[in-house]
Structures are given as structure tokens and as C-alpha cells.
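J.: Take a look at the following structure, please.
The values are calculated or read from the model by the stated rules, or taken from the named source; none is laboratory data. Remember, it's a predicted structure, so these values are computed and weren't measured experimentally. Quick reminder, even Gly has a Cβ in these numbers, built from the backbone with ideal geometry, and neighbours come from all protein chains shown. The area values use the complete protein model at the heavy-atom level, side chains included, leaving out ligands, DNA and RNA. Shrake-Rupley method; radii C 1.70, N 1.55, O 1.52, S 1.80 Å.
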Amino acid sequence: MLQHNFDQPLAPDEPAAPTTARGMQPTADLRELGWILRRRWRLVATAPAVLGLGALIYLIFFSTTLYTATSSVFVDLRRSTAIESNQSQVETSNFGTDDATIDSEAMLIQSVAVLQRVVEKQNLTDDREFNPPPTMLDHIKQAFRTGSSEGGISAKDAATARAIDVLQRRTKVARQGTTFLVEINASSESPRKAALIANAIADAYFDEQVHAKNDATKIAASWLDGQLDELKSRVVTSEKAVEDFRAANNLTVSQGVTMNDQQLTDLNNQLIAARAQAAETRAKFEQAQQFSKNGGDPGGIGAAISSDVIARLRTQYAEIAKSEAEQSSKYGPRHPSVAYVRAQLHDTQRLIDEEIKRILQSTRHDYDVARSREASLQQSLDQLQGVASSSGQAQVRLRELQREAEANRTLYESYLARFKESTAQQSLQMPDSRVVTKASIPIGPSWPKTTPILGLAIMFGLGIGCVLAFLTDYLDGRVKTLEQAERISGVPALAAVPLIGAGELAGLAKRGRKELSRYNSRTMKLLPAALQPPLMRYAVDFPGTFFAEAIRAIRLALQRTMRAHPIKVVLVMSALPNEGKTTLAANLAQSLAILGIRTLLIDGDLRNPQLTRSLCPNAEAGLPEVATGQIHPDRAILTDQSTGLAILPSTTIKRPALITELMFSNRIVDVLDYYRDRYELIVIDSPPLMPLVDGRALAELADRIVLASAWDQTPSEVLARTVDLLAPVHDRILGVALTRVDLSRLRFYDYYRSSTYLKPYAASGFTAEAAQ
């Protein structure tokens, strides 16, 4: 039995503070999330089943089998051309900083320019795989396109563009980790064609590299050729300016030195030599003068000593002197031969003296000449220095012109060398990459990948199913548990009345076939128990079921309240139609009656007397007739002999406008006052509260109110609104009873009590079949 345990009855003077669903902040833990998935398992399982089925249909009927071939290319950034002029200047690549370059090369491999070469080389425009005929969807897209962007495109260009687009989707280029290896993956419906295309893409990539190098070399050579003429003209102009300026400023250069500088150097050297010579002749002259002044022998002068003439004369003089001495000793001093010898000696001395005088005069003359030459050189040097100082600014300008001419010449020579290199490189270009592994024919297909696709579809479906389950459960505001009903209404939750299956009810209805033959509608206004709907007396017929336990739980709550407070009228009502209030009222009244309590069951729903149609469809008088005084109150009562329950039906009113007036009149009060004195308890089946005001009028007359709320049907906002409408009589609300509860599903919501009660009692045969 699913019910609340009441330690103390709720007193009428202790109004409970209603708590609406809007004022609550629901929380959910992992266990609650698990229960949500369990109770929404159909929704969770539907999504992966649908997606898995869709994936399977796609794999079987719509997917195209593709084979993928792979070729590996090594992008060598350090590779140089065979005609590199200076190999020492080739920079090696930095393997740590070439990621962008390798990625760029990978993008280049799958570029339109490379793929177009493959399309043209492999003639893919005539291949239906890469140039399929337009489908109906393509025609629809073309019809909705605006503008004439494709009006000028030829059929061949359009076919090429379609083939390139398909090939681009079938090609995948990826770098292997952080290496310089790039994989080219080409897919096709034919394994051989896939290998051919993969190798063709690698070849086209190399051709594109060579073509790009050739184009760059041609552009560079053409540009350099145009620059060379201008640079040559600038070199000629700058060199001519140097020569013109040098000629205009007398800055002629000889062996890298200007004439003026060379003359200055020569004059300076000559002046130094002249000064040394002048000093030397001056010393000789002063020495000669010193000998003359001191009366010394001038023959001791160095010039005289070194003179060959004087040396011969002195030798001759010595010989003559010797001869004189010999003649004098032999012939005597007066001998004529001696006198002749003396005369020769005198002549020789005279010649020596004359030669010395001549040497002295020559020394003086050499001194004068050296001094004059020194003075002349000094004068010339002074003049050249004046000219050099006046031409300093001109030389500064000359050097500036020379630097400009040299810069122009260097630039011209550099451009000329680069032009020669570019011209030479046009004859031979090599790609910067090379094939490491050529693509081979694949053995097995690469697409579709059945297991991953189905796995992803199922996993994605599970994710969608879980999301939908959580979202559905979050948005589902219908009352599901006793705690939820109690929290929303602010009154106790009495019990959860289980749902009786239609198959079981149909089987129970067969019991009345024999009784039907004995039934006489003219004499029997109340249907026999066998002909009454099984659900209207289910608690009495099957007392060992959970349904009966729920009814007894409501009865117990009512009895405990009756011990503390005088209660005569109990109103069973619901917010909306078809929430099981009539079934609840009938079973509750019968459960009270079998205890020996004088109980009256009144059908208070004058607009839709469902209770009357179920128990006494042929009743001729009821509540309307009693209230209007057409019949005595006791004569309208029908009694169920099996339970002793008294029933006041409700006949059809031909004037519906009188129903509201009747409900709000004192006649209903008088009827209830009359029956209060004759019965211990009155159970009224009330009309629904939300669409009609009749229930509010009856609520004013009731001592206690039992709210019936259909499980997993009544929105929480409706239940909260019902309690708000009953605010004037809120202290009379006994509690809320959940009706039509699916116990097999309730365990996923109210699992604390469902697992506790359902499993053990169901195992012991606590069912309707056992009660039979």
C-alpha cells in the first residue's frame, strides 16, 4: 500500500501553509538522474535505435565504397638547385621553426592549381565518378540561384571545376606529427585509380614547384634586365662626373695619387736632400775658412786631401825634394843642377797652392749653389702647399663623387651577377621535395567504416536520448509522487490509488452475464453487484489488493479525523474531469459502509452524473427532485444490499440553467441537513472544480474535502490553482489522493516506498487474481 504515515491528524484550526511548485527549487543528484533515465528508458532507447537504423540504412543503401591510396612526400627545405653559384651561402633549415612552411606546403598539395593538373593529366572530366551528371537537387539549386555568375563559363570549364571539387573532397593531405613527411591520401571507387591519383598529385605538386620556380626566375631575370640598363647609365654618369670634376679642379691622378700630392712629395724629398747638401758644403766651407784664419795648412782640408791632382802634385813634390837633397849633397847648394831642381820644387809648390786655392773657391761656390738650391726648393714647396690647401674642398667633393660612383658600380656588378645566375637557372630547376613512398593499390576499402559509424550513431543517439529524457522530465509538470502532491498542495498526501488494467476489468465484467438475465430494469433501480462496473466496487470485491489498501488508507485518515472532530459530509472532488474522483468516492463510501457505518453516497455532479450512470442508470428520482421538493428524501434513496450503502442518484435536469441556481440555493443545505440527522457519514461525488463553480458551492457545505488528482495527468499548476480556489475552506481539506497510479512506473519516481511495498507483496500474491 502506498500511503503517508500520519502521526497526528491535521486539526482544522491548524491551516497548512500551501507550497506551490513555483516556490520550490528542485534539486537532483546522480541517483535521481539515474531514476530519470530508468523511467524514460523508452525515450532514451528510441533515439539510438532510430539513429542506428538510419546509419545502417545509409551504410547499406546510400554509402559509396571508397578505397584510399597513400603516397608520402618529404619536404626538404635544405635542398638547393644543382646550379647554385655559392654552396657555402645555402642556409640550412631550422627544423624547429619550419612548421608554418610545412603546413603551407601541405595546403599547396591540395590547392586548386595542383589538382587541376591532376584532372587534366588523368582526364577526370570524362570520369563519371569525378564528374557525375547533375541530379534533381542540383537542378533545384540552380533554379534558385540568382545572378549570372556561371553564364560565361564554358561546359569544359564547368566540368573541370566539378571534377576539381570532387577530387578536393576525395583528397586528404596531412603532416605526420612534427616531421617533414607529408602523406597524400586519395580516395576513389577503384583501388587502382586511387593509387594513380595519389601518385599523380605528388607529381603535379613537384611540377607546380618547378613551374613556380621558373616563373619566379623569369620574373626576376626580366626585372634585373630592366634594372641593369638603368644601373649602367648611372655608373657611366657617376664616373664621368668624377673625371670631369678632377679635370676641372686639376686633380689628375697618377698611380692612385694626384699630381699635386706627388709634386709635394717630390719637392719635400728634394728640399730635404738640398738642406743636407747645403749643410755639408757649409761645413766644408767653414772648415776652409777656419784653416785660413788660423794660418794652418789648407792642404789638410778634406777636399784637398781627397783631390787626385793634389795627390799627384804632392808625390811629384816629394820626388823633386828628394832629388834636390841628393843633388845638394852631391854637387853642393850652388850647383846649377841643384838650382834647377829647386826651381822645379818651387813650381810644384806653386801648383799645389793654386790647386788648393781653387778647391777653396770651389768649396765656397758649392756652398752658395747648395744654399740657392735650398731656397728655390723651399719657395716651390711653399707655392705647392698653398695650392694644396686651396684644393682641399675640391678633394672632399671628389671623394664623395668617387664613393657614389663606386656604390653604383658595385650595385651594377651585383645585379649583373644575379642576372647571369637567373638566366643560367632557367635551364634547370629542381623541386624542393621528393617522393619517399609511392602509392600502392589498396587492398581493402577505407569507407564506409561500418563499426565506427554505427558506434557513433548509437553513442550520439544515447546522448540525444538522455538529453531528451532529462528535458522531458524537467518540462513534465504533471504530479507523479505523493511528496510532490503534498509539496504542491500544502496538504497531506493520503494514498496512491493504483490503476486497474483494462484487460483485467474486461475479464471481471464477464461475471454479470448470468445476473443480466435476471435483471429487471423496471423493478430494480440499482444495478446488482455483478452488473455494476467492477472498478466502482473494486475495493470491496478485492480487499487484498493495493487498490483496496489505498482506499483503506484514505478511510483511516478520515476515521482518525472523525475521532477528534465531528464530521458528517465528505466531499470528493478533482480539479479536472476524468481524474477518477467518482471511482474514489464510490469505493470510499462502500469501504465505510462495510464497517457498519451508515453511509450515504450522493452524486453531486448534476451536469455529468457519472456515478448514477454506473450504479443506477434507471433511477427515476434523485438529488434534483429531492432539492426541489418533488419527492420525499427517503424515497429517492437506493440501497446496495451487499454493502448496506445508501445512494442518492442524480437524474438528468432538462434545464441546465437551473443547476447553478440549485447548487447555490438553501435547498441543497436543507437536503444535507436532513440526511445529516439520518446517516453517520455522507460522501458526495463533486463536479470538477476548475471548469465549474458547482464544486465551490458544495465545498462550502462539506466538513472535509478529499482531492483526487490523476497520476501523471494533472499538471502541478492545476493542482496548485485548485488549492488556491479552495483557500476559503482550506482548513477542511483532508488531503490529496493520487488516482490511476501505474505502480510499475511509480517505482521509478517514488522508489523509496515502491521498492519497499511492491516487491515483497507482489511476490506473495497480493493481487486481484489472488483475491478472487
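J.: Would you please give the FRET efficiency between Thr652 and Arg560, computed as 1/(1 + (r/R0)^6) with r the Cβ-Cβ distance and R0 = 60 Å, to the nearest 0.05? All intermediate terms of the calculation are to be shown ahead of the outcome.
T.: On the way: r = 38 Å, r/R0 = 0.63.
Computed FRET efficiency for Thr652 and Arg560 comes out at 0.95.
J.: Can you give the relative contact order of region 113-250 as a percent, counting alpha carbon pairs under 8 Å and 6+ residues apart? Numbers along the way, then the final one.
T.: On the way: 74 pairs, mean separation 34.6, N = 138.
Relative contact order for region 113-250 comes out at 25 percent.
J.: While we're on this one: Using θ = phi - 60° and the Karplus form 6.51 cos²θ - 1.76 cosθ + 1.60, what ³J(HN,Hα) does each residue of region 552-568 get, whole Hz, x for Gly and Pro?
T.: 3J(HN,Hα) across region 552-568, in whole Hz: 5, 5, 5, 4, 5, 4, 5, 5, 5, 5, 5, 5, 9, 9, x, 10, 10.
J.: Here is a follow-up. Quick one: net charge of Asp203's neighbours, Cβ under 13 Å, K/R +1, D/E -1?
T.: Working: positive: Arg117, Lys121, Arg434, Lys438; negative: Glu120, Asp207, Glu208.
It works out to a net charge of +1.
J.: Could you give the nm distance between label points at Ala158 and Val693, where each point is 7 Å from its Cα heading toward the beta carbon?
T.: Between Ala158 and Val693, the simple spin-label model gives 7.4 nm.
J.: Between Ser642 and Asp677, what length in nm is gained on full extension when 0.36 nm per residue of separation is reduced by their alpha carbon distance? Present the calculation step by step, with values, prior to reporting the outcome.
T.: Numbers: separation 35, 0.36 × 35 = 12.60 nm, distance 2.35 nm.
Computed gain between Ser642 and Asp677 is 10.3 nm.
J.: Once phi is turned into ³J(HN,Hα) by the Karplus curve 6.51 cos²θ - 1.76 cosθ + 1.60 with θ = phi - 60°, what whole-Hz value does each residue of region 175-186 show in order, with x for glycine and proline?
T.: Computed from phi, the couplings for region 175-186 are 7, 7, x, 10, 8, 9, 8, 10, 8, 10, 9, 10 Hz.
J.: Provide the FRET efficiency to the nearest 0.05 for the Leu475-Arg434 pair, computing r from the beta carbons and using R0 = 51 Å. Before the final figure, lay out the partial values.
T.: On the way: r = 63 Å, r/R0 = 1.23.
Working from the Cβ atoms, E equals 0.20.
J.: What is the set of long-range amide H partners of Ile684 at a cut-off below 5 Å, with H atoms built 1.01 Å from backbone N?
T.: Val570, Leu571, Val572, Ile602
J.: Taking amide H atoms as placed 1.01 Å from N in the peptide plane, list the residues 5 or more away in sequence, or in a different chain, whose amide H sits under 5 Å from that of Ile733.
T.: It is Ile705, by chain and number.
J.: Can I ask one more? Mind checking which lysines have their C-alpha under 25 Å from Lys357, skipping anything on the same chain fewer than 8 residues away?
T.: The qualifying lysines are Lys284, Lys293.
J.: List the residues, sorted by chain then number, that are 5 or more residues from Val497 or on another chain and whose placed amide H is less than 5 Å from its amide H.
T.: Leu738, Thr739, Arg740, Val741
J.: Just the number please: accessible area per residue for region 448-515, 1.4 Å probe, all protein chains included, in Å². Display every interim value, and only then the final one.
T.: Working: 3520 Å² over 68 residues.
With the other protein chains kept in place, region 448-515 gives 52 Å² per residue.
J.: Going highest first, how would you order 211-218, 37-44, 612-619, 195-202 by mean Cβ packing within 10 Å? Please report the intermediate quantities before stating the final value.
T.: Details: 211-218: 14.5, 37-44: 17.2, 612-619: 19.8, 195-202: 23.8.
Those peptides, ordered most packed to least, come out 195-202, 612-619, 37-44, 211-218.
J.: Round to a whole angstrom and tell me the spacing of the C-alpha centers of region 170-228 and region 410-478.
T.: Cα centres, region 170-228 to region 410-478: 15 Å.
J.: Still on this structure: Provide the per-residue ³J(HN,Hα) series for region 52-57, in order, calculated from phi with Karplus coefficients 6.51, -1.76, 1.60 and θ = phi - 60°, each as a whole number of Hz, with x at glycine and proline positions.
T.: x, 5, x, 5, 5, 5
J.: Oh, and also: So which lysines can Lys568 reach, going by Cα to Cα under 20 Å and dropping same-chain residues fewer than 8 places off?
T.: Filter leaves Lys581.
J.: Determine the shape class of region 429-487: with a ≥ b ≥ c the square roots of the Cα gyration tensor eigenvalues, call it rounded for a/c under 1.5, and otherwise prolate if a/b is greater than b/c, oblate otherwise. Present the calculation step by step, with values, prior to reporting the outcome.
T.: Values: a/c = 8.99, a/b = 3.68, b/c = 2.44.
It comes out prolate by the Cα gyration axes.
J.: Follow-up. Might you tell me the accessible area per residue for region 563-697, computed with a 1.4 Å probe and given in Å²?
T.: On the way: 5520 Å² over 135 residues.
Per-residue value: 41 Å².
J.: Listed here are the pairs Lys193/Lys438; Lys121/Lys213; Lys172/Lys438; Lys240/Lys420; Lys172/Lys218; which of them are more than 23 Å apart at the Cα? If you can, show how the numbers build up before the last one.
T.: Values: Lys193/Lys438 14 Å; Lys121/Lys213 21 Å; Lys172/Lys438 16 Å; Lys240/Lys420 26 Å; Lys172/Lys218 32 Å.
Listed pairs above 23 Å: Lys240/Lys420; Lys172/Lys218.
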